[in-house]
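Notes to accompany the following structure.
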Amino acid sequence: MKKLLLVLVLFATTTIYAQSYNQGFRDGWLNVNNGIGAPSVPVPKIGRTTYKDGFADGAAAGAKAGNSGSNRSNMKADDWAKVYGAGNYSDQSNKIGNSVNNAINENRQRRQSSNNNSSRINYAYYNSGRDKHDFKDYEGAIKDYNIFINQYPNFPAAFYDRGLSYIMLGNMDKGCSEIKIAVDMGDSIAKEFYESAGCSEFTNSKRSSSEVDYTYYNRALEKFNGNKYTAGIKDISIYINQYPNDSDGWNLRGVLKHSTKDYDGAVKDYDKAIKLEPKNFELYSSRGQSKYFLKTFNESFSDFNISLKLNPENGKAWCYKGFINEIKKDYKGALIDYTKAIEFNYLTPYGPRGDIKAKLKDMDGACADWNEALSKGNEAYQEKIDENCSGMTKEKAIAKLKELKELLELEVITQKDYDKEKAILTPIILGKN
C-alpha cells in the first residue's frame, strides 16, 4: 500500500552476466545475511564453476552466519540479479548493510535529541519501530512507522527509518524511495546515507524510462509541502490525466483540495482513490475528515468506522468519532473515543475528554485531564481549571489515586487504566500544575 508522501521509482530488470564462481558465492552469502559483513572464503567443489553454482554455495555458507534470516534468504540467483544485478551489486550490498548498521547508531542519538527538543510529539510508535528494527522484526517496524507517519507526516526521520527497514527486507527500491522522501524534506543524515549507501546510483542506473513519469506528481508534492496548494492541484491534475488508475494521484489531489477548504472536491477525489484501493484505511479516514468539515456527520462517522475495521489502531479515526459523538451529545461514546485516540497517540485530546467528563459530572476526572492538556502546552484550559478545579487539591488527588488502587486490586480496572490515571494525577500531587 502506497503512502501519500511517496516518491515512487520504477526499476527495470537486469540480466545475469557471465560472472565467476567467487562472485556468485559472495552474492549468495550477502543474500541471506541482509547485506551485512564479509563472506567466508569460498572453497569450490569440483565441477562447480558458474555464477549460479557460487550463489547456491554462498547462500548455504551464509545461512550458518549470525545475520541470516531475512526475507531475502528465499531469493534465487536469477531473482537476485533481477533486483540488484549480478556481479555489480555485491560490493554495494555489503556497503549498504554496513551503512544501515551505522545509521541505526546515528539515529538512536538523533532520536534522543529529537525527543528532548520536540516534547509535543508522542514517540511511542516511532520508538517501537526502532526497537523492532533492532530485533530484526522489520515488518513489525514498518507497521509501527506507518502509524507514526500517519500521525506526523512531516517527520523526516520516520521515513528514513522506514526506508532502512525496507532495505533490510531486501526491498532496495522501496527503501531508497522512502529515504529520498526524508532527503527531500531536508534531512541531512538521510542525504548522507542516500549518497554513501548508493541509493542515488541504484536509482539512476535502474530507472525505467518508459513506464511512469512522476514529474508532475513530485512537483505537486513539493508544492503541498510548501503550502502552495492551488499550484499543486494544477500539477497533480496533469498527473491524474496521464495515470488515472493510480490511487496516489487522486489521494494527493484530495489532500490538496482539503487544504484549500474545497471539502466537496476532496471527497470526490477520495471516492476515486478508494475505488482503486478499497483496503486503504487512510483513504477512508481522510474522506471522513473532509465529510466532517462538510458537516455530513453520519457519513463521516461511517467512514471512520470503516477505517477502524481496517486498522483498529487509527487514532485519527477515534479522535474524529469523539468529535462527532460530542456533537451528537453521545458523551459516553465520545469518552470512549477520546480515550482510544489518546491510547493511539493522535492529538492526545485530554482537553476534549476533560470537557466530556465535566458533562458527565466527573469533575475530578475533568480537572485531571484539563491539567494534563495544560501541561502539554494548551493554555486555553487554564481558565477552566481556575473556574472549576479549585477543589482538585493535592489531598483530593491522593484520595482519587487510592480509590483507583482499590479498583485495580478488585480487578475493576486494568493496570494500564490505573497507570494512565496515575500519570495524570501525579503532577497535581507533586504540585507541578
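Here are a few things to note about the model shown:
- Considering region 323-355, the residues that are part of a helix (DSSP H, G or I) and among the polar types (S, T, N, Q) include one that is surrounded by the fewest Cβ atoms within 10 Å (Cβ to Cβ), namely 339.
- Count of region 147-178 residues, restricted to those that are part of a helix (DSSP H, G or I) and under 19 Å from residue 348 (Cβ atoms), is 6.
- Residues in region 312-322 that are surrounded by fewer than 20 Cβ atoms within 10 Å (Cβ to Cβ) and of a type outside the set (Asp, Glu): 312 only.
- Region 176-192 - residue that is more than 15 Å from residue 221 (Cα to Cα) and buried (at least 24 other Cβ atoms within 10 Å of the Cβ) and, of those, modelled with the highest pLDDT: 179
- Residue in region 400-425 that is farthest from the chain's Cα centre (by Cα), counting only those that are exposed (fewer than 12 other Cβ atoms within 10 Å of the Cβ) and of a type outside the set (D, E, K, R): 410
- Condition met for residue 271 (in contact with a Leu (Cβ under 9 Å, 6 or more places away or on another chain) and either under 17 Å from residue 146 (Cβ atoms) or modelled with pLDDT of 95 or more (or both)): no
The values are calculated or read from the model by the stated rules, or taken from the named source; none is laboratory data. All of these numbers come straight from a predicted model, not from anything done at the bench. Cβ atoms come from the backbone with ideal geometry, glycine included; neighbour counts cover every protein chain shown.
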